[in-house]
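Here is the structure we will look at.
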Amino acid sequence: MFVAQVDARKYEPKDKHRIIFETYHSLKPGESMELTNDHDPLPLYYQFSAEYTDQFEWEYLDKGPDVWRVRIGKK
């Protein structure tokens, strides 16, 4: 179940990561968000890995080429 959805395509590049992390922080353990983007959010994955090691789950739901969707769960 997705508690939150973030469509990063709607935001300015300078705001995307801030909004995504604010949404992640609002999740309770066991909840997840769905991120939609127009490219592979792999740099975001690396940021999560560096800052939240073993505290999140990452699952691709769609892998482009036009739309990328990822489930990001909070452990």
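Derivation of every value follows stated rules applied to the coordinates shown; laboratory data play no part. From a predicted model like this one, the values you see are computed outputs, not experimental measurements. Cβ coordinates were reconstructed from backbone atoms using ideal geometry, including for glycine residues, and neighbour counts include every protein chain displayed.
Miscellaneous remarks
- In this simple spin-label model, placing a label point 7 Å from the Cα along the Cα-to-Cβ direction at both TYR45 and SER26 gives a separation of 2.6 nm.
- Degrees between helix 42-51 axis and first principal axis of the chain (Cα, 0 to 90, nearest 10): 20
- Packing here is the average count of other Cβ atoms within 10 Å per residue, and on that basis the peptides 25-36, 8-19, highest first, run 25-36, 8-19.
- Shape class for the chain, computed from the alpha carbon gyration tensor (a ≥ b ≥ c): rounded, with a/c under 1.5.
- Distance in nm between pseudo-label sites at ILE19 and GLN5 (7 Å out along the Cβ direction from Cα): 1.4
- Linear extension gain, GLU12 paired with LYS63, 0.36 nm per residue minus alpha-carbon span: 16.2 nm
- Links that overshoot a 23 Å alpha carbon limit, given the list LYS10/LYS75; LYS16/LYS74; LYS28/LYS63: LYS10/LYS75; LYS28/LYS63
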